[in-house]
Amino acid sequence: MKKIEQLIQIAIENKKNSYSPYSNFRVSCVCEMESGRIYKGVNIENAAYSPTLCAERSAMSTAISEGETKFKYIVITGDSDFTYPCGVCRQFIREFADADTQIVVAKSVDDYKIMTIEELLPHSFTSKDLD
């Protein structure tokens, strides 16, 4: 099994950890870093809605809090055919993804799309805009 398919399988299995009692819509994200370490995250809902944490930010924040910022793969799977990151997560991913980061949106281990951050969020706002 290819590396991407292994990561998709981990993400699919990780959906069981989603805390989504309000939407009943599970999302899982698995990040593999340049170091080879893997971090997992799920969506964590809240009755007040706005404090809800998306799976992408959950996984990425864990990696970042461990001192890892070089993302090789960001794999996302959810309870729809293809679950793409929300706008907030796209901007969060943009802060850390580089041209080599492969963002994988997976329906299954056999059906997935690979894209770059430029494809996911073209014309994005970055730290360069603050110069």
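For the reader, a short list of remarks on this structure follows.
- From the list Thr69, Thr62, the one residue that fits, being assigned to a helix (DSSP H, G or I), open to solvent by 50 Å² or more (accessible area, probe 1.4 Å) and farther than 19 Å from Ile4 by Cβ, is Thr62.
- Hey, Glu56 within 21 Å of Leu7 (Cα to Cα), touching a residue at least 24 places away in the same chain (Cβ under 8 Å) and touching a Leu at 6+ places or on another chain (Cβ under 9 Å) or not: no
- Test: residue in segment 24-34 that is surrounded by fewer than 13 Cβ atoms within 10 Å (Cβ to Cβ), among the hydrophobic types (A, V, I, L, M, F, W, C) and within 26 Å of Asp129 (Cβ to Cβ): no
- Selected residue (criterion: least open to solvent (accessible area, probe 1.4 Å)) from residues of segment 106-131 that are more than 15 Å from Phe71 (Cβ to Cβ) and assigned to a strand (DSSP E or B): Ala106
- Applying the criterion of being small (Gly, Ala, Ser), in a loop (DSSP other than H, G, I, E, B) and touching a residue at least 12 places away in the same chain (Cβ under 8 Å) to the residues of segment 15-48, the residue that is farthest from Ile76 (Cα to Cα) is Ala47.
The values are calculated or read from the model by the stated rules, or taken from the named source; none is laboratory data. Computed from a predicted structure; not experimentally measured. Note that each Cβ is placed from the backbone with ideal geometry, even for glycine, and that neighbours are counted across all protein chains shown. For accessibility, only protein heavy atoms count, side chains too; no ligands or nucleic acids. Shrake-Rupley method; radii C 1.70, N 1.55, O 1.52, S 1.80 Å.
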